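The structure under discussion appears below in the form of structure tokens.
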Amino acid sequence: MADYKGLFEMPEAFLRKLWPNLNPTNYELKSDYTSEYNCVAWALGINTDPIDLSLDEEGEPLLYPDLTCLVYIEHFEKEGFVLCDSPDWEENYEKIVLYERGGETFEHVARQLEQNLWTSKLGEWEDIEHTTLEALKYDGYYGVPTWYMKRLKK
């Protein structure tokens, strides 16, 4: 993958290859390029450190990491989330959605901000706000929004 320092540096064709449904009408940049955190941390409101479930507690790579959505569901359950039926807005809940590629591999998680507004940390690139989950849907890269979770707002 090319080493672009942000979405604005990407040629339009490259951006469309990663996210064919992402366009200027359905997203807005909300941060600068940073590798300090990732989408998993961002979904939990953390912007200081990444959460990498392919590493052990000492930060060493796991020999055979199983990075299915079920591993991430268990992680988010420890944070108070439970599986739910839809991404539809519920006043007293915060919701996340896990994107799955190829029917099992975890690729991304987005957090709901309000009705029809989501936030995502795009790898090492920027945070964006997007109006639909389909904006990042593409089975060739992030996959499809498959698993919905919610927890009571704090």
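Residue by residue through segment 83-104, note down the ones that are surrounded by 13 or more Cβ atoms within 10 Å (Cβ to Cβ) and in a strand (DSSP E or B).
The answer is C84, Y93, E94, K95, I96, V97, L98, Y99, E100, R101.
Take segment 105-124 and flag every residue that is in a loop (DSSP other than H, G, I, E, B) and closer than 17 Å to T34 by Cα.
L122, G123, E124
List the pairs whose first member sits in segment 141-152 and is without any contact (Cβ under 8 Å) to a residue 60 or more places away in the chain and closer than 11 Å to F106 by Cα, whose second member is crowded, with 21+ Cβ neighbours inside 10 Å and aliphatic (A, V, I, L, M), and whose Cβ atoms are under 6 Å apart, counting only residues at least 6 apart or on separate chains?
P145/V97
Tally time: how many residues in segment 65-82 are in a loop (DSSP other than H, G, I, E, B), farther than 19 Å from G103 by Cα and not acidic (D, E)?
Residues flagged as in a loop (DSSP other than H, G, I, E, B), farther than 19 Å from G103 by Cα and not acidic (D, E) within segment 65-82 amount to 2.
Among the residues of segment 127-153, how many are out of contact with any Asp or Glu (no Cβ under 8 Å at 6 or more places or on another chain) and outside any strand (DSSP E or B)?
Adding up the residues that qualify gives 9.
Out of V144, V97, I need the residue that is in contact with a strand residue (DSSP E or B) (Cβ under 7 Å, 6 or more places away or on another chain) and within 22 Å of E28 (Cβ to Cβ). Which one?
Values: V144 fails: within 22 Å of E28 (Cβ to Cβ).
Exactly one residue qualifies, and that residue is V97.
Which residue out of I51, I46 is part of a loop (DSSP other than H, G, I, E, B), modelled with pLDDT of 95 or more, under 30 Å from K153 (Cα atoms) and hydrophobic (A, V, I, L, M, F, W, C)?
Being part of a loop (DSSP other than H, G, I, E, B), modelled with pLDDT of 95 or more, under 30 Å from K153 (Cα atoms) and hydrophobic (A, V, I, L, M, F, W, C) holds for just one of I51, I46, which is I46.
Go through (1) over 14 Å from P145 (Cα atoms); (2) in contact with a His (Cβ under 9 Å, 6 or more places away or on another chain) for W118 and report which single condition fails.
In the conditions (1) over 14 Å from P145 (Cα atoms); (2) in contact with a His (Cβ under 9 Å, 6 or more places away or on another chain), W118 misses (1) alone.
Just wondering, is there one or more residues in segment 54-61 that are part of a loop (DSSP other than H, G, I, E, B) and either closer than 20 Å to E114 by Cβ or in contact (Cβ under 8 Å) with a residue 24 or more places away in the chain (or both)?
So far as segment 54-61 goes, no, none of its residues is part of a loop (DSSP other than H, G, I, E, B) and either closer than 20 Å to E114 by Cβ or in contact (Cβ under 8 Å) with a residue 24 or more places away in the chain (or both).
The values are calculated or read from the model by the stated rules, or taken from the named source; none is laboratory data. Just so it is clear, the model here is predicted, and its values are computed rather than measured. Here the Cβ is made from the backbone with ideal geometry for all residues, glycine too, and neighbour counts use every protein chain on show.
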